[in-house]
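Colleague: Before I ask anything, let me first share the structure, which is written out below as structure tokens.
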Amino acid sequence: MTFEDYLKTRQLSSDTIIRYKKLLGPFFDWMKDRGQEEEEIVYSDLLDYIKTCRKKEHSNSFINQQLTAIRHYYNYLKYIGKVNSSPAAGLFVKGSRKTVPHDLLNEEQLKELYDNFTPEEEAEIQQKAILGLMVWQGLLSNDLAILEPHHLKLREGKIEVPGTGKTDRRILPLEAGQIIDLYEYLTKREQKNKTLFTGTGKESDLQNVQDKLIRKLRKNHAFLINANQIRQSRISLWIKQYDIRQVQYLAGHKYVSSTERYKSTDLEDLQKELEKHHLGS
């Protein structure tokens, strides 16, 4: 099994796999310069690697991305029996800056995005179905890419979202009006496709489909920035309704710390927090 094959078993998107392989490049070069083999690397060696990265003025965030890729690589080496343990286990660089969710949309704005989108072409029926899952369930392209028709439980009014490398599996309720649009899409989609939605061009993770949809929506909705803004807005609204653990489940967050960023749920409070952040920087 190759490293790429291993990452695919972890349900990572093709873009994520490409990024991890690219992030490992400098680490492999560093090992070669030191004359070390991958199975010889220990925790203290990785601390030396971090020092090398800092000398090159890499940000803590970028270093942590590299460490994540290295952890995946050593988990792969453990899987194939080449090493017994991972030297990168539990190794993170502290001080990475967490962004405050901002420019959040309220329920009316999210509903406006969905209700005002009327499919006029065959391809837009899929876009409407995708938009609903973004607006009501907070899904992003990585989630959408792994959905299959059987994940839709229309009679039950639910959808099962499989876990990915970044998110956990969850079962989410569907909106009543959304069910009708999903049913229409199901009856018109090409049955030969295994996945629920299909990308265009060379993108297998629906990223370009989602980007095209966002550009289309921006023409009539000046408040819209990107797809992540829609997800963050939905999570911030969930925080007002449910306790932190319930929201963690709904959002698919692997760690509750990811959900805790949304604790300041009032939009005005979030804006004030952001303004303080800018004033202090």
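The values are calculated or read from the model by the stated rules, or taken from the named source; none is laboratory data. Keep in mind the model is a prediction, meaning the values are calculated, not measured. No Cβ is skipped: glycine too gets one built from the backbone with ideal geometry, and neighbour counts run over all protein chains shown. These accessible areas exclude ligands, DNA and RNA; they are computed on the full protein's heavy atoms, side chains included. Shrake-Rupley method; radii C 1.70, N 1.55, O 1.52, S 1.80 Å.
Colleague: Of the residues Tyr185, Tyr242, only one is of a type in the set (Phe, Trp, Tyr) and closer than 16 Å to Leu147 by Cα; which?
Modeller: Being of a type in the set (Phe, Trp, Tyr) and closer than 16 Å to Leu147 by Cα holds for just one of Tyr185, Tyr242, which is Tyr185.
Colleague: For segment 97-176, which fully contained helices (runs of 4 or more DSSP H) count at least 1 residues that are β-branched (Val, Ile, Thr), over 23 Å from Asn193 (Cα atoms) and open to solvent by 20 Å² or more (accessible area, probe 1.4 Å)? Full working, then the answer.
Modeller: On the way: elements: 107-115, 122-137, 141-145.
Correct list: empty, since no element meets the threshold.
Colleague: Quick one: would you say Ala89 is part of a loop (DSSP other than H, G, I, E, B), without any contact (Cβ under 8 Å) to a residue 60 or more places away in the chain and under 23 Å from Gly165 (Cα atoms)?
Modeller: yes
Colleague: Name the single residue, out of those in segment 59-76 being free of Cβ contacts under 8 Å to residues at least 40 places away in the same chain, out of contact with any Cys (no Cβ under 7 Å at 6 or more places or on another chain) and hydrophobic (A, V, I, L, M, F, W, C), that is farthest from Ile17 (Cα to Cα).
Modeller: Top of the filtered list is Phe62.
Colleague: Do the conditions hold for Asp181, that is, is it in contact with a strand residue (DSSP E or B) (Cβ under 8 Å, 6 or more places away or on another chain) and open to solvent by 30 Å² or more (accessible area, probe 1.4 Å)?
Modeller: When the stated conditions are applied, Asp181 does not pass them.
Colleague: Also: What are the pairs, 6+ residues apart or on separate chains, where a residue within segment 229-252 that is free of Cβ contacts under 8 Å to residues at least 12 places away in the same chain has its Cβ under 6 Å from a residue that is β-branched (Val, Ile, Thr)?
Modeller: Gln248/Val256; Gln248/Thr259
Colleague: Please indicate, with yes or no, whether at least one residue in segment 23-41 is under 23 Å from Gln207 (Cα atoms), in contact (Cβ under 8 Å) with a residue 24 or more places away in the chain, surrounded by 15 or more Cβ atoms within 10 Å (Cβ to Cβ) and under 25 Å from the mean Cα position of the chain (by Cα).
Modeller: In the first step, residues of segment 23-41 are kept if they are under 23 Å from Gln207 (Cα atoms); the result is 23.
Still in the running and in contact (Cβ under 8 Å) with a residue 24 or more places away in the chain: 23.
With the extra rule that they be surrounded by 15 or more Cβ atoms within 10 Å (Cβ to Cβ), the set shrinks to 23.
Now drop any that are not under 25 Å from the mean Cα position of the chain (by Cα), which leaves 23.
Within segment 23-41, one or more residues are under 23 Å from Gln207 (Cα atoms), in contact (Cβ under 8 Å) with a residue 24 or more places away in the chain, surrounded by 15 or more Cβ atoms within 10 Å (Cβ to Cβ) and under 25 Å from the mean Cα position of the chain (by Cα).
Colleague: Of these, Ala251, Ala222, which one is touching a Ser or Thr at 6+ places or on another chain (Cβ under 7 Å), among the small types (Gly, Ala, Ser) and modelled with pLDDT of 75 or more?
Modeller: Every option except Ala251 fails the conditions.
Colleague: Asn106 is checked against (1) within 21 Å of the chain's Cα centre (by Cα); (2) closer than 30 Å to Arg234 by Cα; (3) of a type outside the set (A, V, I, L, M) and fails just one. What number does that condition carry?
Modeller: Tallying (1) within 21 Å of the chain's Cα centre (by Cα); (2) closer than 30 Å to Arg234 by Cα; (3) of a type outside the set (A, V, I, L, M), Asn106 fails exactly one: (1).
Colleague: Determine, yes or no, whether Asp15 is without any contact (Cβ under 8 Å) to a residue 40 or more places away in the chain and within 26 Å of Gly199 (Cβ to Cβ).
Modeller: Considered against the rule, which asks whether it is without any contact (Cβ under 8 Å) to a residue 40 or more places away in the chain and within 26 Å of Gly199 (Cβ to Cβ), Asp15 comes out as no.
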